[in-house]
1. Of everything in the range 163-195 that's within 10 Å of ligand 2 (Cβ to nearest atom) and not in a helix (DSSP H, G or I), which residue is surrounded by the most Cβ atoms within 10 Å (Cβ to Cβ)?
2. Taking the range 91-113 as the region of interest, how many residues are surrounded by fewer than 21 Cβ atoms within 10 Å (Cβ to Cβ) and either among the polar types (S, T, N, Q) or not assigned by TED's automatic domain parsing to the domain that holds G178 (or both)?
Amino acid sequence: MGAEPASTQPGQSELGQVVALLANYCWVELDRAGPSGVNRLLCTRRTRLGKSGQTIAVGDRVWVDGIDWPAGRGAVAALEPRDGLLERPAVANVARVVVVVALAEPALDPLQLTRFLLTAEATGRPVVLVFSKADLVPPEVAEEWCGRASAWGYEALAVSTRTGQGLERLQQRLAQPGIAVLCGPSGVGKSSVLNGLCPELGLRVAAVSGRLQRGRHTTRHVELFPLAPGALLADTPGFNRPRLPADPAALGALFPEIRQRLRSASCRFSNCLHQGDPGCAVGGDWERYGLYGQCLADLVLEGERAGRSQGRSAEPGLRRRGQGMEPRLAPGLRQSSRRRQRQQMLDGESGAEDGANPSGELSPPGPAN
Ligand SMILES: Nc1nc2c(ncn2[C@@H]2O[C@H](COP(=O)(O)OP(=O)(O)O)[C@@H](O)[C@H]2O)c(=O)[nH]1
Ligand SMILES: [Mg+2]
Ligand SMILES: [Zn+2]
């Protein structure tokens, strides 16, 4: 995003964005159309590019050369620097994350919603919250949820793909340059929203299938669909399972309510876990305080379980106190900043968290299907 094209590319290269990966090919959407308006090329893809050994991901900005315009073919020659990489599935240069939960069918569960919001927050990107299936509840219920979300720090939208309610506003919210990814529980209507927002989607899927003489499932990982000029939207199946950060001290920064309170005040202890300790500037007068405590406890429990399975104590710096956790000492070692947390998630360097997490619910999903 925003990276200026390198100036020394060979004459025939074109800059574009990888919108889908297939076994040995990828689709690249070009920044400027070629002869007779061709703006999308099927390109050969080397698994690794050049001496950097980088792997191409959907969302990458790439240089294409060896272009055969009439055939609509080319070859990816070089990769522009990335602005972050989302894992599982890999999507580069994500600009914003759209969390979708249904107002009904399945019933809205604030804890589950919070876990998805945390997953989205951990990318470090702006988060858009969408309440789907608004047609299934009275308008007051949708309004109430939007009001609650607003108090949490999210400007939420209620939509229905049945009635079309809110889709135009969502379209406007997302019609900004860059890639938006959808995440949320299955069955809430993400694919329906994607279809509703990206009219080209059906056509595009058909074109890919026809061209390669295979089914739509050849697009195994993720595909970006044009939503507005420069704006792309993707459903990311593998990203649709919530995960908590590995480090309890990193959890607070993923709650807008805590971030907001810490902008104007500081806790007495820098490793404060905001569990009602004296000198805590966050306090408990916010709706999701209980959910925060629950996530914190879950996270510490997971850490302990992981530690036990490895024959060591996972969180030596913490002890349980009632429903909450508190630092056992003031070790001053829990300095994992939000920035580092974000970077870990974006870089996929969250090794400890991945390898050590025995919980089915929170363990990273396998390859997208
Ligand atoms: N009532 C209602 N049902 C919807 C709406 N959007 C999707 N659905 C239904 O919810 C189910 C799951 O939708 P889908 O888009 O596959 O959800 P995904 O798993 O999140 O991608 C399908 O049966 C849809 O027809 C909506 O706005 N209102
Ligand atoms: Mg779906
Ligand atoms: Zn505090």
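1. Taking the range 163-195 first, the residues within 10 Å of ligand 2 (Cβ to nearest atom) are 182, 184, 186-195.
Still in the running and not in a helix (DSSP H, G or I): 182, 184, 186-189.
Values: L182: 24, G184: 27, S186: 11, G187: 12, V188: 24, G189: 23.
Only one residue fits best here, namely G184.
2. Here the count works out to 1.
The values are calculated or read from the model by the stated rules, or taken from the named source; none is laboratory data. Given the structure is predicted, the values throughout are model-derived calculations rather than measurements. For neighbour counting, all protein chains shown are included, and Cβ atoms are generated from backbone atoms with ideal geometry for every residue, glycine included.
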